[in-house]
1. Using Cβ contacts closer than 10 Å as the measure, can you line up GLU261, GLU308 from fewest to most?
2. Starting from one equal scatterer on each C-alpha and no solvent at all, send me the Debye-based log10 I(q)/I(0) for the chain at q = 0.10, 0.11, 0.15 Å⁻¹, two decimals.
3. Could you please state, rounded to a whole Å, how far the C-alpha centre of the range 253-305 is from the C-alpha centre of the range 24-89?
4. Length gain on complete extension for the stretch PHE128 to ARG142, per 0.36 nm per residue less the alpha carbon to alpha carbon distance?
5. To make sure I understand the rule: partners must be aspartates and glutamates, Cα under 19 Å from the Cα of LYS156, and not fewer than 8 residues away in the same chain. Which ones qualify?
6. If a/c stays under 1.5 just call it rounded; otherwise compare a/b with b/c (prolate if a/b is bigger, oblate if not). Do that for the range 278-332, with a ≥ b ≥ c from the square roots of the Cα gyration tensor eigenvalues.
7. What is the sum of charges, Lys and Arg at +1 and Asp and Glu at -1, for the other residues whose Cβ falls under 9 Å from the Cβ of LEU272?
8. Using only the alpha-carbon atoms, how far is helix 296-308 inclined from the longest principal axis of the chain? Give it as 0 to 90 degrees, nearest 10.
Amino acid sequence: MRRKSKFLLLFAAAALICGIFAGCGAQEDLQKVTVSEVTHSVFYAPQYAAINLGFFEEEGLELELSNGQGADKVMTAVLSGSVDIGFAGPESCIYVYNEGKEDYMQVFAQMTQRDGAFILAREPDEDFRWEKLQGKTLLPGRKGGVPYMTLEYVVKQHGLTPGTDVIFDDSIQFSAMAGAFTSGSGDYVALFEPTASALEAEGKGYIVASVGAESGSIPYTAYFAQKSFIAENQDLIQRFTNAVAKGLAWVQTHTAEEVAEAIQSSFPDTDLETLTTVVRNYQEIDAWCATPDMTEESFQRLQDVMQEAGELDQTAPFSQIVDNTFAEATKE
């Protein structure tokens with residue numbers, strides 16, 4: 001009887017060890033993919049929902065995410081091969097293409113379709129009009145980036161000339177803009193969430209307008225990779241796009257409260273109430289794409305904005321920059 005008990009104990013221990021190794025094996029079966037995001041923001045809620053709800057794991061992928069802190073730095077990371085995929089404004093892909101680089105960047109999935117910045121004033125202003133920027137100083141972000149150019153575009157649409165009627169102080173780095181504003185720089189500032197709502201909750205700034213609500217639909221943030229990487233890793237790119245599509249579909253069919261709960265672990269320093277407010281702000285301006293494909297019309301509008309800002313001398317062909325093959329496959 002003792003021999004039998006001893007045998008059962010040994011068998012149980014062996015089974016437990018096998019189970020542990022089997023679990024490790026299952027984790028190792030996930031294919032790692034590295035992504036550099038332009039910034040860490042609730043603006044990209046569908047991405048964090050896809051991560052936290054296991055959509056990438058369902059596609060056999062382990063996502064390693066890093067914060068590039070700027071589209072230029074994201075592009076540098078992709079070009080150097082230190083990351084597989086970039087997540088930033090498509091304007092960076094146009095710049096690289098126009099430089100004549102043979103292995104240029106291609107966009108394969110879009111996430112946001114409107115500008116995600118909000119204009120903050122120093123005092124509440126329920127009757128804000130863009131014309132009130134006349135003679136004021138605005139902190140817009142990095143010159144040459146889509147946020148800066150879109151803001152310029154909106155200001156011009158309201159009959160004001162940046163640099164003449166409105167001072168665009170672009171001397172402050174994107175990551176330092178909130179601190180600079182609260183320290184007294186500028187009359188207005190353009191900030192992304194959750195920073196904008198956090199400043200408002202602290203009484204240090206007040207949201208008075210949405211840039212995205214004024215600019216209309218524009219391909220704002222998208223995933224891209226080098227043409228050679230996409231060609232050599234089509235299965236990975238398809239599975240990655242599948243996960244993104246699931247994230248986009250999920251946020252379209254859930255409330256602000258549900259989305260906030262799903263992404264909360266990605267923003268541990270932001271309370272659930274603030275997250276819910278932020279998500280609702282983005283839902284109200286229809287910030288997120290329903291599907292990850294990019295339209296040629298919106299791509300051309302982006303280039304129009306870039307040309308009007310004086311940042312683009314020659315347009316790039318939609319057929320070369322955008323590959324909708326993977327996004328279209330998610331609809332089948």
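1. Details: GLU261 17, GLU308 13.
Ordered by Cβ neighbours within 10 Å, fewest first: GLU308, GLU261.
2. With no solvent term, the Cα-only Debye profile gives -0.60, -0.71, -1.25.
3. Cα centroid to Cα centroid, the span is 17 Å.
4. Length difference between fully extended and current span is 2.6 nm.
5. ASP115, GLU131, ASP165, ASP169, ASP170, ASP187, GLU214, ASP304, GLU308, GLU311
6. The shape class here is oblate.
7. Values: positive: none; negative: GLU257, GLU261, ASP271, GLU273.
Result for the neighbourhood of LEU272: -4.
8. That works out to roughly 50 degrees.
We did not get these values from a lab; they are worked out from the coordinates using the rules stated. Predicted model, so just to flag it, every value in this text is computed and none were measured. Counting neighbours? That spans all protein chains shown, and the Cβs are built from the backbone with ideal geometry, glycine included.
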